[in-house]
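Structure record follows, encoded as C-alpha cells.
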Amino acid sequence: MAEYRDFPPLQRHSSPSLEDVLHELDLGAADIIVRHLGDGMLDDESHHLANARLTCRASRDLVDGSSLRLHLKPDTISLAHRPSLGRWPRVNELTLDLRMDSPASGTLSTLLVQPFVDQPEEARRLISSVYVLTSEGYDGGPVPAPVFMQLSSLLPQLHQLNLEALGQSSLACTPVDLRLMYAALSSLPHLESLGLPTCAALPGIEALAGSLKHLPQHWILHRRCRPAA
C-alpha cells in the first residue's frame, strides 16, 4: 500500500497524520525525539516511552527502533509470552529488574537466564551491558557457576556485567564454584567491567586479567566484605 509520502504534494488531499510524519523521519531525527521523550530518571524514562509506544503503531516502531536501553522485569513475563529482543534492533544495554512485592516465580538463576533463552542470535550479540536490580534483602537462592557458563554462551559480546545489587549470599563462593565462574567469564573477550555483590567472590578473578578494566567496589561501602565460610 502506498504511503502518504509516496504521493506528490498536489495529490495529497488531506493533512498528514502522525504516522505520516513519523514515517518521514530519518534515524537521527527519530533518535532525538525518543531521547526527549525519555528525558528523566530510569523509571520515568521507561514510563514515558511506554506511554509513547501506545499512541500508534508508527510511534511504537519509532521508540523501539531508537531505543538503546531496555528495562525488563523477568518475573512478570512467562517464558512462552516473552517478546522477542529482535523488536528492539539497536538495544545494547539491559536492566533486569528483580524488585518485586510478591514471591518470585523462579529462582534467581532462572530469572537471570530466562530473558535470553531462545532469543535471536543477532539480538543477543548486540547486548554489551547487563545490570541486575533487586529489592533490599532479596533472596532468590545462590547462583551456581553453570549459570555463568550459560550467560557467557548466550551473550558473547558482553562488556559489562553488574551484579552488585544481589545479596551477599547470592553467589556460590566455594573455590570450585569461583574457578568455574571465572573460567566461564574469561571466555568473554570484551568483558571490561564486573560488579560483584561481595568481596567473598574475588578469589580467582585474576582469570579476567586480560580484559577486566573496572571492578566496582560498592561492597566496601555497604560492609559486604567478609571471608567466605
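The values are calculated or read from the model by the stated rules, or taken from the named source; none is laboratory data. Since this is a predicted model, take the numbers as computed values, not measurements. Counting neighbours? That spans all protein chains shown, and the Cβs are built from the backbone with ideal geometry, glycine included.
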Just checking, does segment 115-126 include any residue being more than 17 Å from residue 85 (Cα to Cα), among the acidic types (Asp, Glu) and free of Cβ contacts under 8 Å to residues at least 60 places away in the same chain? no
Scanning segment 185-212 residue by residue, those of a type outside the set (Ser, Thr, Tyr), surrounded by fewer than 19 Cβ atoms within 10 Å (Cβ to Cβ) and in contact with a Ser or Thr (Cβ under 7 Å, 6 or more places away or on another chain) turn out to be 189, 190, 192, 207, 208
In segment 65-102, residue modelled with the highest pLDDT [restricted to those that are in a helix (DSSP H, G or I) and crowded, with 19+ Cβ neighbours inside 10 Å]: 85
Among the listed residues 167, 106, 141, which satisfies the condition of being on the phi > 0 side of the Ramachandran plot, part of a loop (DSSP other than H, G, I, E, B) and either surrounded by 15 or more Cβ atoms within 10 Å (Cβ to Cβ) or touching a Pro at 6+ places or on another chain (Cβ under 8 Å) (or both)? 141
Just the residues that are among the hydroxyl-bearing types (Ser, Thr, Tyr) and closer than 20 Å to residue 210 by Cα, please, taken from segment 135-188. 152, 153, 182, 186, 187
Give 158, 151 a once-over and let me know the one that is in a loop (DSSP other than H, G, I, E, B), at pLDDT 95 or above and closer than 25 Å to residue 114 by Cβ. 158
Single unsatisfied condition, residue 130 versus (1) modelled with pLDDT under 95; (2) touching a strand residue (DSSP E or B) at 6+ places or on another chain (Cβ under 9 Å); (3) surrounded by 20 or more Cβ atoms within 10 Å (Cβ to Cβ): (1)
